[in-house]
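Colleague: Following this message is one structure expressed as structure tokens.
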Amino acid sequence: MYKRIKNRGLRWLLIVLTLLIGLLVCYWLFVYLITPRYQFREGRPFRGEYFYNPYQNMDPDQWKQYNFHCHSRKHLGLTNGRLSKEQDIDSIYQTLGYDHYGISDYMHINTHGNDRPDYLPAYEHGYGFFRKTHQLCIGAENVVWMDYPFMQSLDMKQHMLNVLQQHSRFAVPAHAPFTTGYKLSDMRYLSGYRLLEIGNPYGTAYDYWDVALSTGHRVYGIGDDDTHKVLNPNEVGRFFTMINTASMAADSVYDALDRGCAYTVDFHIYYDKPFELKVERMQALPHLTRCELVGDTLVVETDARIIEIAEFIGQDGKVLQHEERLQQARYVIQPDDTYVRVMLRLPNLTFFYLNPITRHNTPTPQDLSTAEINWSQTILFYFVYLVVVALCIARVVKNLKQDR
């Protein structure tokens with residue numbers, strides 16, 4: 001085919017491109033085929049006589065405002081960073097009053113601001129040509145270049161989380177409903193991750209959260225802007241995470257997130273309102289002041305002038321109690337409640353999504369693992385794979401000899 005091309009330079013260019021594409025296809029085929037086979041068990045609801053309350057020892061004066069998911073212009077703009085320069089990101093989020101605004105470029109750890117005490121290395125992992133099965137890697141040591149760019153099975157999603165957890169402090173399933181990269185049913189089986197991005201403008205994952213919690217996975221929520229154009233006021237200050245920590249040092253922040261001493265804020269404001277109004281309301285943002293278990297009664301308070309709506313949500317996402325216009329929300333945990341999480345609606349359409357109170361058999365919560373490598377199936381699959389490859393190579397060699 002290439003001999004028909006008279007231009008020698010063009011002919012060699014096409015040969016090189018063909019080789020590169022062939023190598024890339026072989027690499028991705030290899031990645032797909034070497035995935036271990038997992039044995040999945042469906043989890044069971046939380047149970048036990050002990051309650052774990054992630055807010056029991058919180059300090060109401062130590063809330064810090066965090067956004068972990070923000071994109072700058074990288075890779076010649078191919079990854080949809082648009083016009084978000086690092087200096088613009090600094091300016092906008094400082095004006096809004098954030099304590100931390102992390103940059104999480106696609107497959108790249110941005111070191112901008114690494115001289116600040118609040119710097120946390122992060123990036124968004126995943127190629128996702130068809131379905132965006134992406135993960136937000138917080139506390140990343142390095143970029144993991146491996147990924148499954150096309151369709152992903154449950155085995156592949158679990159394996160990717162396991163690999164990323166080895167190279168990051170948290171591997172967080174990001175914008176789970178977006179293009180159904182993660183399915184609702186996946187959350188029954190996936191394990192080994194602590195955080196789930198429940199608040200994201202591209203899709204909220206509260207129902208995903210309840211599926212995970214209802215099957216005994218102690219998962220905590222975070223919220224992020226997932227900003228691609230920071231100079232667009234409608235893309236900033238939409239979702240964020242409040243973390244209870246006295247120190248901005250990485251270990252202190254990671255510890256608070258791991259314990260669940262944080263909550264997600266949906267700071268809704270209509271698109272036709274000026275940015276200055278968002279800044280003004282952000283400066284007056286209320287905070288959680290109490291989330292305490294008094295015996296079997298959960299007591300929740302904020303410093304807002306009123307709680308417009310309080311919902312206590314439990315097993316399978318069922319609303320256990322709904323109250324309106326109160327200063328203090330209270331719920332008596334029933335013997336059959338496996339977990340209880342709280343949603344608060346405050347003035348100016350501000351929503352708080354608190355992490356759950358969970359039941360356990362021991363005073364210290366034990367995490368559930370529902371996925372283990374099935375070595376017998378994995379070895380059998382590898383053996384079949386090698387036999388097929390060997391037969392293909394033998395066939396190619398035979399054809400070459402016949403051509404000669």
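Colleague: List the strands (runs of 3 or more DSSP E) that sit entirely inside segment 331-402 and contain at least 2 residues that are of a type in the set (A, V, I, L, M).
Modeller: Those strands (runs of 3 or more DSSP E) span 339-346, 371-373.
Colleague: Another one. What residue, among those in segment 150-201 that are of a type in the set (Val, Ile, Thr) and either more than 15 Å from Glu124 (Cα to Cα) or part of a loop (DSSP other than H, G, I, E, B) (or both), is modelled with the lowest pLDDT?
Modeller: Ranking the qualifying residues of segment 150-201, first place goes to Thr179.
Colleague: Next question. If you take the residues in segment 118-138 that are more than 20 Å from Thr227 (Cβ to Cβ) and in contact with a helix residue (DSSP H, G or I) (Cβ under 9 Å, 6 or more places away or on another chain), which one is modelled with the highest pLDDT?
Modeller: Residue satisfying both the conditions and the ranking: Thr133.
Colleague: Note down all Cβ pairs under 6 Å where the first residue falls in segment 245-273 and is at positive phi and surrounded by 15 or more Cβ atoms within 10 Å (Cβ to Cβ), the second is outside any loop (DSSP other than H, G, I, E, B) and modelled with pLDDT of 95 or more, and they're at least six residues apart or on different chains.
Modeller: Note: pairs meeting the criteria are Gly260/Tyr220.
Colleague: Any idea which of (1) at pLDDT 95 or above; (2) of a type in the set (D, E, K, R); (3) touching a strand residue (DSSP E or B) at 6+ places or on another chain (Cβ under 9 Å) is the one Asp255 doesn't satisfy?
Modeller: It is condition (3) that Asp255 fails.
Colleague: Thr370: modelled with pLDDT under 95 and surrounded by 14 or more Cβ atoms within 10 Å (Cβ to Cβ), yes or no?
Modeller: It is true that Thr370 is modelled with pLDDT under 95 and surrounded by 14 or more Cβ atoms within 10 Å (Cβ to Cβ).
The values are calculated or read from the model by the stated rules, or taken from the named source; none is laboratory data. Treat the numbers as computed from the prediction; the structure is a model and nothing was measured. Using ideal geometry, Cβ is built from the backbone for each residue, glycine included, and neighbour counts are taken over all protein chains shown.
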